[in-house]
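Notes follow once the structure below has been shown.
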Amino acid sequence: MFITLEGPEGSGKTSQLGQFAVFLRQQDYDVVTTREPGGTSIGDQIRQVLVSMDNKNLHPRTEILLFLSARAQLVEELIKPSLASGKIVVCDRYGDSTLAYQGFGHGLPLDMLREMLRFATDGLVPDLTLYLDIEVEKGLLRKKKGQEWNRLDAYEVEFHRRVRNGYLQLAASEPERWRVIDASQSKQEVQQAMRTATLAALEKFKSQTVSED
Ligand code: TYD
């Protein structure tokens, strides 16, 4: 099963990922975790270009092509083979980040982005997307405290507002795939909500896979 974590800046998804994977392994699942942009040697090199403070004039079109390049590599090198061998793949950000940030955030046409995503991912869509929702100001404040302030964080608050609203629209339009989790709760509560949502989805996923056989 393919699970993605999504959220605006400071939603805390990256710090939840480790514990979440440990929990799934305790339930006897074989779990692979990865992140975007990056997750492969080639993808990590692309990530450096994307997050470098030196690249302030990176054009939005260049940016999106770099995100998609890293993703194409990740899908082929890691995600597809892992899913084929029956593993659970948990990915920190995936295609919905492109729709939220480049689409809703930068205003690139969603239809075109969806087409490009299909190409980059070879049509691979997550089975479950856990969306950690947080108010923009709260999230940005958390992130500043965590001192991970890079080029991408420096966009104006309005941009982040569009991103968050975009995420909420995406979640509402595909409720069977998305689970919206209130990330302003305590770390433990967020973790619990992630686990509960995932166990339920895993049950459903297993029964579907059995009936398809
Ligand atoms: P990162 O430091 O990984 O942030 P986070 O911990 O919030 O995931 O930086 C990733 C940044 O890249 C983040 O600001 C979101 C952005 N991004 C896009 O704009 N489009 C994309 O397709 C992806 C995968 C990420």
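The values are calculated or read from the model by the stated rules, or taken from the named source; none is laboratory data. No experiment lies behind these values; they were computed from the predicted model shown. Every residue, glycine among them, receives a Cβ derived from its backbone with ideal geometry; neighbour counts consider all protein chains shown. Ligands, DNA and RNA are excluded from the accessible area calculation, which covers all protein heavy atoms including side chains. Shrake-Rupley method; radii C 1.70, N 1.55, O 1.52, S 1.80 Å.
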* Asked: Quick one: would you say residue 40 is among the polar types (S, T, N, Q), over 18 Å from residue 160 (Cα atoms) and touching a Cys at 6+ places or on another chain (Cβ under 8 Å)?
  -> no
* Asked: Can you tell me which residues in the range 1-59 are near the ligand (Cβ under 9 Å from one of its atoms), of a type in the set (Lys, Arg) and either under 25 Å from residue 194 (Cα atoms) or touching a residue at least 40 places away in the same chain (Cβ under 8 Å) (or both)?
  -> 13, 35
* Subset of the range 78-91 [open to solvent by 10 Å² or more (accessible area, probe 1.4 Å) and within 16 Å of the ligand (Cβ to nearest atom)] -> 78
* To do: Go through 22, 51 for me and flag whichever is under 30 Å from residue 201 (Cα atoms), open to solvent by 10 Å² or more (accessible area, probe 1.4 Å) and over 13 Å from the mean Cα position of the chain (by Cα).
  => 22
* For the range 94-142, enumerate the residues that are more than 9 Å from the ligand (Cβ to nearest atom), within 17 Å of residue 34 (Cα to Cα) and β-branched (Val, Ile, Thr). => 121, 125, 129
* To do: Kindly check whether there is at least one residue in the range 180-187 that is over 16 Å from the mean Cα position of the chain (by Cα), surrounded by fewer than 16 Cβ atoms within 10 Å (Cβ to Cβ), closer than 20 Å to residue 4 by Cα and at pLDDT below 95.
  => no
